[in-house]
Amino acid sequence: MEKIQWSKGKKRGMVALIIIIVLLLIGGWYFFLGNRIPNVTGEVEKGTEETKSLVVYFSRSGVIKIDGVDATSSASLNLEDDNLMGNTEIPARMIQKVTGADLFQIQTERYYRSAFMGTSITAWAEEKFNMRPNLAAIPENLDQYDVIYVGYPIWWFNAPMAIGSFFDSYDLTGKTIIPFCTSQDNGIDVSMNYIREVCKDATVLEGRRLNNPSEAEIRSWLEELGVENEITETSKEESQEETVKTAISNNENYDYHMEEIWSENNGNRIYGQAYIPETEEKIPLVIFSHELCNTHTAGIDYAEELASHGVATYTFDFNGGSSRNQSDGKTTEMSVMTEVSDLEAVMKDAKTWGFVDTSRIILLGGSQGGMVSAITAARHTDDLAGLVLLYPAFVIPDAIHNTFSSKDAIPGTFNFLGWIQVGRNYATDVWDYDVYSEIGSFDKDVLIIHGDRDYSVDLSYSERAKEAYENCELHVIKGAGHGFYGSSFDEAMDQIWEYLAEIE
Ligand SMILES: Cc1cc2nc3c(=O)[nH]c(=O)nc-3n(C[C@H](O)[C@H](O)[C@H](O)COP(=O)(O)O)c2cc1C
């Protein structure tokens, strides 16, 4: 037999290669084969007795040895009630609380390396090769569940592969899957294809990234998904209490945005702008009603001031409210009573807007809009939390009587006050109407603000209104006319904040 002759150089090369292979094997073993995770069972943490929903979640904190990790230096561990919680466990437990679902933590059979780099390399390889790490234990079956929430951290622009291991173990036919994630930067969209793939027999709803969410955010997400039936009655009640607890005040500053919202009344479209503070909580809503021959623009200063301190405000154009309005209708079709009807339509719609705390809707109206607000409030006491009237035009019935000697003398159209063309109904609607006998039906606190130099609507009209109400404060602004600007606007706003602070 021919003997292979190894040169010294070749021998050294071989030894080096063997050492590298051994090191790679040891390294591979080190990264992939952590110790077994002890004491894991397939038991779920029970939610409510009757629940048909399950929250499953995966979190790095459940698959690394915690003793080896310094909680303060690890971005993904949180100390909650003396327990270390991974980021994903926080929304998982909140969803369980809001829905009463059962809860289960997905854990792999073996630990990942505690160091971030160690976890990261294993996670990268698993993702790259679409691996399915073995799981320590899983519930025997998911037969009793209709809805499964699945939560995970984003790992390498995807869900961790353990999520695939979990779902591969079950028949998901007929089940609804609701994914949620936490992450450093990425949205949940990067993982949705994978989730749809591993849950292909189920209906997968739109997922949401829930980094440190509030319970209110979870409730509104479930409402958006159309699964509000998942929210327990207790959680709904708590949400009512939570919103009531946030007192209205101008102490806190909010960012806000403007949203154009259309309503409709009797086939006529109503244009309006909602100024909405940036918050996940449901918030009080002020509905501003403008003066005769004005538009939503009259309410913008109030809306911006209110929204910047956490109170949403909607200001809109009445149908036929002026020749410049963006809503339908002509001024010759408009009257105080058609505006009451418009405001009723707006109030009804506002109750369906997701951001509104429907227990705290407040009407704010100027001049004719004040009279309209007062009448509407009297007819919908139970739907409203408050009423603020700015120089309300309770003079209108008197002004009509001063213009015409009898109802028959009212023409088809006429120039009211010499500057706005209105129709006959503008006058006939209030000809026999006693506004003071109606407005007092609103039995909650009322604030009226009126200037003592108002030459369009005399202060005495508001003094009389004050008497009509059970609980009414009349604040007189010295030197202010029919409309508040500059310092009188500031004074009016101070009064409005004081009034709103009392609303529960
Ligand atoms: C291995 C690994 C990979 C990660 N990859 C991403 C990523 O691709 N995109 C991202 O936004 N965050 C990434 N993160 C950050 C985590 O998603 C984020 O910290 C998450 O909230 C951790 O949740 P947990 O504490 O429940 O594990 C990664 C974290 C780890 C450990």
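The values are calculated or read from the model by the stated rules, or taken from the named source; none is laboratory data. Quick caveat, the model's predicted, so the values are computed rather than measured. Cβ atoms come from the backbone with ideal geometry, glycine included; neighbour counts cover every protein chain shown. Each accessible area value is taken on the protein alone, full model and side chains, heavy atoms only, with ligands, DNA and RNA left out. Shrake-Rupley method; radii C 1.70, N 1.55, O 1.52, S 1.80 Å.
What to note about this one:
- The chain - share of DSSP beta bridges that are antiparallel (%, nearest 5): 40 percent
- Counting only chymotrypsin sites (Phe, Trp or Tyr not before Pro) that DSSP places in a loop and that have at most 13 other Cβ atoms within 10 Å, the longest clean stretch of the chain runs over 158-418.
- A DSSP coil position with no more than 14 other Cβ atoms inside 10 Å describes the following trypsin sites (Lys or Arg not before Pro) in the stretch 414-466: Arg453.
- Among the GluC sites (Glu not before Pro) in the stretch 107-191, those placed in a DSSP loop whose Cβ has at most 12 other Cβ atoms within 10 Å are Glu140.
- Net charge, Val446 excluded, C-beta distance under 11 Å - Lys, Arg +1, Asp, Glu -1: -2
- Rounded percent of accessible protein surface that carbon and sulfur make up, the chain, 1.4 Å probe: 47 percent
- Spatially close Lys pairs in the stretch 149-307, defined by Cα atoms under 27 Å apart and a spacing of eight or more places or different chains, total 5.
- Sequence-separation-based contact order of the stretch 293-391, relative, with Cα cut under 8 Å and 6+ spacing, percent: 19 percent
- Per residue, the chain exposes an accessible area of 48 Å² to a 1.4 Å probe, with every protein chain left in place.
- Alpha carbon centroid spacing (whole Å) that separates the stretch 152-223 from the stretch 309-333: 43 Å
- When only Cα pairs below 8 angstrom with a gap of at least 6 residues are kept, the chain shows a relative contact order of 9 percent.
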